[in-house]
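See below for the structure under consideration.
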Amino acid sequence: MMHRPKRQRLPLTTVIIYMLYQIIFPIFLLFGFSLAAWRSWTNPSLLKRLADRFGFGPVGPKNSIWFYAASLGEMNAARPLVQIFINNGHDVLLTHLSPAGFEAGKLFFGDHPRVTHRYIPLDFYFFMQIFLYRSRPSCGIVLEIEIWPAMLIVADIRRVPMYLANGNLLAKKMSRLKNWKRSNLHMYRLFDHIFTRTEDYADRYEETGALRNDITVTGELRLDMPRDPLLTARGEFLRTAWAGKNFTFMISSSVQIEEDPLLRCCIELLKKIPKTRIIWVPRSPQRFNAVNIKAQKKGLICMKRSDLQDGIPNATELFLGDSIGEMDLYLGMADVVFVGASFNGNGGHNIVEPLSAGCPVVMGPSTYSVDFIAKDAAAAGIFHSFSTPKEMIDFIIDIAKSPKELGELKSASSTFCDTNVGASRRCYEMIKSFT
């Protein structure tokens, strides 16, 4: 791909801050490896493939399409766009920051001959130079919100076109333009083009100094993510055998601080509608066993996915999803889904997957991370946020008692997502047009 000359340059203060950052980077490097060594006691994968972190390791064929999907959420968003490039004969270099992102990439694309898997180098000038010199990608595509100064500056120096896909610049970040932190926001000017979700996001990128001509609203990539038909069918089968036609409530991506109030919600739901069945999938694998222990201490009859063999015993009240990469299985069992990080002020996790599965979504009051789709979903009646867990569970109880209303909501969820697909195709076509 030919490089389109940058028309926006970085302010001098931003350049100076970047240079200072590079000077003190070795200190951060020492601290980072010390932290990784300590955390490796519980997560050994943090110290695997160290060569990748210094720019070495596998890079695949020259002129590959280089993706940077930092962690699990970004990899989920990247998946449909990666697939389109593969389907059109391109080699793909898939890079990640976290083990969760790396494992998701391997899960989605495995040993596909056109895909190379690796970790991203640390954001230091010389490491990025080594990486880009060795890989020589035709372009780079960064997912969502990741801004790494050395990556963007070295790519600019080496004339590697850089694109931001599924741009997710939240409103709360914009206050940085009023203080010294604005230098990071100025880095968005180094992208050749920004593909974002809504006009609100496009306006924010323009405020950072990116040119409006270099910003395109393409929609949400996750709406294009295919569901696994085998996992979905397996989930539907398990649900029928376990719950029959009874109401099922799913807790998805919960975080630790939410667990106790959510447990109280489960107990209240089972008290009012004893035949209800609950699926709980914590956000972090480190919370799998902890949630199971908490639920058992509250007197709930629980079973873990890892213990599943022939089926879920009918007496089981709470089925704990303690596996990675099986969200379609759990969603295939659910009627209504709660999405976490919304009762703790963190803005909420992804709601696209449950909506795409035909499940209306409920959340706490903090939804700023998903407002780009939550507003439209709320207008369609398939998304509801609540100030307190009690308000939420009262709503769920009402829905559980009205099978007709629940059926209408599930149908509306599927229709809503079906009419908003196509972001990955739009991104692909535009990137190809820059060649």
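Readers should treat all values here as calculations from the given coordinates under stated rules, not as data from a laboratory. Not measured: the values here are computed from a predicted model. So basically every Cβ, Gly included, is an ideal-geometry build from the backbone, and we count neighbours across all protein chains shown.
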Dipole magnitude of the stretch 229-418 about its Cα centre, charges +1 at Lys/Arg Cβ and -1 at Asp/Glu Cβ only, in debye to the nearest 20? 580 debye
What is the magnitude of the charge dipole of the chain about its Cα centre, with +1 placed on the Cβ of each Lys and Arg, -1 on the Cβ of each Asp and Glu, and no other charges, expressed in debye to the nearest 20? 1000 debye
Taking the stretch 238-285, how much of its Cα-Cα pair set, in percent, is spaced more than 15 angstrom apart? 47 percent
Across the alpha-carbon set of the stretch 39-170, Rg over Rh with Rh taken as the Kirkwood radius works out to 0.93
Please report how far the C-alpha centroid of the stretch 408-435 lies from that of the stretch 188-240, rounded to the nearest whole angstrom. 9 Å
Just subtract the alpha-carbon distance of residue 241 and residue 24 from 0.36 nm times their residue separation and send over the number in nm, one decimal. 72.2 nm
Dipole-positive endmost among 238, 362, 350 within the stretch 229-418 (Cβ charges, Cα centre): 238
Averaging sequence separations of C-alpha pairs under 8 Å and six or more residues apart, then dividing by the length of the stretch 229-418, give the relative contact order as a whole percent. 23 percent
Separation in nanometres of the label points that stand 7 Å from Cα toward Cβ, at residue 379 and residue 63: 4.4 nm
So which aspartates and glutamates pass the test for residue 272, namely a Cα distance under 16 Å, with those fewer than 8 places away in the same chain ruled out? 317, 391, 394, 398
Hydrodynamic radius of the stretch 229-418 per Kirkwood, over alpha carbon pairs, in Å: 16.2 Å
Find, among the trypsin sites (Lys or Arg not before Pro) in the stretch 380-426, those assigned to loop by DSSP (not H, G, I, E, B) with at most 16 other beta-carbon atoms within 10 angstrom. 401
Read through the labelled values (i) 39, 23, 21; (ii) 55, 31, 18; (iii) 37, 29, 19 and report the label of the one computed as semi-axes √(5λ) of the Cα gyration tensor in Å from the structure. (i)
Working from the alpha-carbon coordinates of the stretch 64-108, get Rg over Rh, Rh being the Kirkwood radius. 0.95
Give me 111, 214, 224, 203 sorted ascending by neighbouring Cβ count inside 10 Å, so fewest comes first. 111, 203, 214, 224
Which number do you get for Rg(Cα) / (2.2 N^0.38 Å) in the stretch 338-383? 1.00
What pairs in 62/106; 298/375; 271/304; 62/172; 106/172; 181/432 have C-alpha atoms more than 29 Å from each other? 298/375; 62/172; 106/172; 181/432
